[in-house]
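Following: one structure in structure tokens, then a few remarks.
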Amino acid sequence: MSVHINVLSGLGDKGPAAVVVETQGKRLLLDAGGALHPGDPITWANDLDVDAVLISHDHIDHIGGVAQLPAELPLYCTPLVAKALPKNRQWRPLPERGTIEVEGITVTTGQAGHSLGGVWLHLAVAEGVFYSGDACFESRLFPFDTPPPAGIALLDASYGVYDQSQQGCIHAISEHLMQPLVFPVPATGRALEMALWLTEEAKAWGLTLAIDAVIRANLAALLALPDTLRRPGTEAAIASVLARPDDTNAALMLVSDRDDAPAQWPDHRLLHTGYLTPERCAQLAAGDVLWQRWNVHLRASHLMALADQLGASHVVPLFTHLTDQPLSEWRKRLGKRLCTTPHFSTDARSTTFSTLGSFACPQ
Ligand SMILES: [Zn+2]
């Protein structure tokens, strides 16, 4: 049984996610990413011919291209992720953890440790195809499920070869807390664990804190899930965040990111914790905002551990630059397993790489 992989987008930079897996005469699209930078065009969906699309989670670079897809194309996602679909878009449920047949292909899902309702995807074809979506081992709230073995591993390498622990990140953020801060965050992702941490810090240091309604609603949604879909022992901490009233004129504000800019918050500094658009990079360079990462993606040693655990012979680092230094770093780590071509095919016995579509890194 042969498997053809076609990474339409997301290879060579932090771009929208879109991967086609073709096998058994069927083509499945994994994720339908939209532009990370407002206004950028989406080109990967041009001339697309697939039988179904599976969405890993609800962040814009994984779901934002759904509007470009034919309305009748079967779309699979978890119920929580479906809330982010365009209005009236039909969808079919993916399990949060389990197995489903899609177009005759057995798809296994598991918790990806990254966001509310987010899953990784495993296709039981040839020696297995694993797609992490965005994934993290370090979430305090979202578990990461160990996937089945897979010969092909399409992995979240958003952080490149960065390898600082979450503990180190949190320590660095805590050094800023004695000034008025706004944290604009993705409301279904790190927002939830940052809400727990900030609530504890506010209590410990006597700081005022406000958490916006969308983040509170998502925490309530997480609490309403079966407890096997949360890290053990987190219920009380979530409940105490939900029970804590917001302070008025709070020094610390955790808000759903809506492209907040410094001018909107004259009494606070913005502290970003994730991906920065070029505009925000310029603000950081000018000293107008702060930045310190809060880990929500696989760091390098965790990516390696996952590749080893899968037993993958082909590892594709997605959502990261693959030029010069980064490329040689990945080569050092992954050796012959490193795969940086957007089109390739494998079967149970041998592997062939297409000579078409030689890879050029978009910058
Ligand atoms: Zn994400």
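Here are the numbers for the structure shown:
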| quantity | calculated |
| --- | --- |
| In Å², nearest 10: area of Ser256 left accessible to a 1.4 Å probe | 10 Å² |
| Segment 166-291: radius of gyration and largest Cα-Cα distance (Dmax), Å | 14.6, 45 |
| With DNA, RNA and ligands ignored, accessible area of His268 (1.4 Å probe; Å², nearest 10) | 40 Å² |
| Accessible surface ranking that places the most exposed of Ile5, Ile42 first, with a 1.4 angstrom probe | Ile42, Ile5 |
| Under 5 Å, built H, 5+ apart or other chain: amide partners of Tyr76 | Val53, Leu54, Ile55, Arg92 |
| Arg269 long-range amide H proximity, modeled H, under 5 Å | Leu181, Val182 |
| Residue-averaged [θ]222 nm for the chain, counting only DSSP H segments that reach four residues, each worth -39500 (n - 2.57) | -6500 deg cm²/dmol |
| log₁₀ of I(q)/I(0) at q = 0.16 Å⁻¹ - segment 68-198, Debye sum with one point per alpha carbon | -0.94 |
| Heavy-atom accessible area order for Tyr162, Tyr131, Tyr275, largest first, 1.4 Å probe | Tyr275, Tyr162, Tyr131 |
| Theoretical FRET efficiency, 1/(1+(r/R0)^6), r = Cβ-Cβ of Ala220 and Asp47, R0 30 Å, to 0.05 | 0.10 |
| The chain, accessible area per residue, ligands and nucleic acids excluded (1.4 Å, Å²) | 42 Å² |
| Residues whose placed amide H lies under 5 Å from that of Ser9, excluding near-sequence neighbours | Ala18 |
| Net length gained if the chain between His176 and Ala305 were fully extended (0.36 nm per residue, minus Cα distance) | 43.2 nm |
| Heavy-atom accessible surface of the chain: percent carbon and sulfur, 1.4 Å | 53 percent |
| Cβ-placed point charges (K, R +1; D, E -1), dipole of the chain about Cα centre in debye, nearest 20 | 460 debye |
| Segment 199-262 shape via C-alpha gyration tensor axes, a/c threshold 1.5 | oblate |
| Rg and Dmax of the chain, Cα atoms only, in Å | 20.3, 64 |
| Descending semi-axes in Å of segment 20-141, equivalent ellipsoid built from Cα gyration tensor | 20, 19, 13 |
| Cut-off 9 Å between beta-carbons: net charge of the residues surrounding Pro180, Lys and Arg +1, Asp and Glu -1 | 0 |
| Mean Cα-pair separation over length for the chain, i.e. relative contact order, pairs under 8 Å, 6 or more apart, % | 20 percent |
| Summed side-chain charge close to Asp49 - residues other than Asp49 whose Cβ falls under 15 Å, Lys, Arg +1, Asp, Glu -1 | -3 |
| With all protein chains modelled, accessible area of Asp288 [1.4 Å, Å²] | 80 Å² |
| Two-site label geometry, Asp247 and Thr99: point separation in nm, points 7 Å out along Cα→Cβ | 5.2 nm |
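The values are calculated or read from the model by the stated rules, or taken from the named source; none is laboratory data. Every value quoted in this text rests on a predicted model; they were computed, and no experiment measured them. Here Cβ is always computed from backbone atoms with ideal geometry, including for glycine, and neighbour counts include all displayed protein chains. Accessible surface areas use protein heavy atoms only, side chains included; no ligands, DNA or RNA. Shrake-Rupley method; radii C 1.70, N 1.55, O 1.52, S 1.80 Å.
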